[in-house]
Amino acid sequence: MPSNDKRILAESKVFCYFGLCIYVLAKYFFVEHKHTIVSERTPFKNAYTSILWSAVFLLFGRAYNLFFWPSNYQLSANASIFLSVLLLFGIPAAFRAYRGNLWIKIVLNTMGLILMILSLLPLDQFLFHLTVLLQVSPPVFLALFQLKNVEKTPFILALKLIVSLTFMSHGLLCIGVQEVPDQFIWTIHSILGVEGQEAYKVLKIIGLIDLLMSVAIFVNRFTLGIALYMTFWGFSTAMATMIMHTQEAPIWETIHLWGSDFLIHLPNAGMPMSIFYLEKWRNKYLST
């Protein structure tokens, strides 16, 4: 293994061991609550799991990104390490969210606030801010995931609204309402091999589809199919952040540089998947 790969692997191991220590310590902070919100028998287990892992991957990915590249967030090294520790501290809270502990809810909502602030730091366009809604909201929805809330339409509607705004803003950027981000063009070029005006045409088609999906998700007749499409498309865009860089560097360096971006984008698939499971349950419940 090249020396550079060894260095990257060693640094990544240090971060993971550091995160594991925080997890073990934090595990004892969040005591169990007598009332279990989500059990193995609940029909909401799959939806809960989708939101849970969206939150976990997001927190770890953002913490990793902060730890190694504070300049991306216009932060000092000390500030980025501090925030990275806070985000890692949120992972054990996420795994115990179903117990309904008040402290866990406070921590998860705080994680959502931190993620929202971090998402705004390197960005300067309004539509760009909206595209990251799914990259800040999973911890908040995890804190809200209680049977008394999930059974009601407002929870599902709020989930749909966040997903819809994300796809809508992405679609508007693709069709050129604001200046098309260079990374969009580069992604199309790297994956499809097209450039120039052809890349812009492809982006406009993708943008129009995203806009259509962002509206159709609210039509109950199409929700299941749209949610599956959004899950597939969200995972595809997350994978694209890795695929388009695989030929630029050795595998370990690629994972080190872009693996955290992949994890940060995974909620783009996980949150629509939770809508699919919730709507599937609701359709079954209403038909009985």
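Would you call residue 163 buried (at least 18 other Cβ atoms within 10 Å of the Cβ), touching a Gly at 6+ places or on another chain (Cβ under 7 Å) and under 30 Å from residue 107 (Cβ atoms)?
In short, no.
When only residues in the range 124-158 that are hydroxyl-bearing (Ser, Thr, Tyr) and modelled with pLDDT under 85 count, which is farthest from residue 261 (Cα to Cα)?
So the first thing to find is which residues in the range 124-158 are hydroxyl-bearing (Ser, Thr, Tyr), and the list is 131, 137, 153.
Next, from what is left, pick out any that are modelled with pLDDT under 85: 131, 153.
Values: 131: 14, 153: 32 Å.
The qualifying residue farthest from residue 261 (Cα to Cα) is 153.
State yes or no: is residue 204 surrounded by 16 or more Cβ atoms within 10 Å (Cβ to Cβ), more than 18 Å from residue 243 (Cα to Cα), at pLDDT 85 or above and of a type in the set (Lys, Arg)?
No.
With the checklist (1) closer than 19 Å to residue 158 by Cα; (2) surrounded by fewer than 19 Cβ atoms within 10 Å (Cβ to Cβ) in hand, flag the one item residue 69 doesn't pass.
The single condition residue 69 does not satisfy is (1).
State which residue is modelled with the highest pLDDT when the search covers only the range 176-201 and only residues that are assigned to a helix (DSSP H, G or I) and acidic (Asp, Glu).
Filtering the range 176-201 down to residues assigned to a helix (DSSP H, G or I) leaves 182-192, 197-201.
Cutting the leftovers down to acidic (Asp, Glu) gives us 182, 198.
Details: 182: 76, 198: 85.
If we take residues in the range 176-201 being assigned to a helix (DSSP H, G or I) and acidic (Asp, Glu), then 198 is modelled with the highest pLDDT.
Search the range 75-94 for residues being of a type in the set (Ser, Thr, Tyr) and closer than 19 Å to residue 56 by Cα, and hand back the single one that is modelled with the lowest pLDDT.
Only one residue tops the list, namely 80.
If you take the residues of the range 73-91 that are under 21 Å from the mean Cα position of the chain (by Cα) and of a type in the set (Ser, Thr, Tyr), which of them is nearest to residue 49 (Cα to Cα)?
Here the residue is 84.
Determine whether the range 33-46 contains at least one residue that is under 23 Å from residue 142 (Cβ atoms), assigned to a helix (DSSP H, G or I) and modelled with pLDDT under 75. Step through it out loud before you land on a result.
The first filter runs over the range 33-46 and keeps only residues under 23 Å from residue 142 (Cβ atoms), leaving 33-46.
Keeping just the survivors that are assigned to a helix (DSSP H, G or I) gives 45-46.
Narrowing further to those that are modelled with pLDDT under 75: none.
No, the range 33-46 contains no residue that is under 23 Å from residue 142 (Cβ atoms), assigned to a helix (DSSP H, G or I) and modelled with pLDDT under 75.
If residue 214 meets every condition in (1) in contact (Cβ under 8 Å) with a residue 60 or more places away in the chain; (2) closer than 13 Å to residue 163 by Cβ; (3) of a type outside the set (Lys, Arg) apart from one, which number is that one?
(1)
The values are calculated or read from the model by the stated rules, or taken from the named source; none is laboratory data. All figures in this text were calculated on a predicted structure; none of them were measured in a lab. We place every Cβ from the backbone using ideal geometry, glycine too, and count neighbours over all the protein chains shown.
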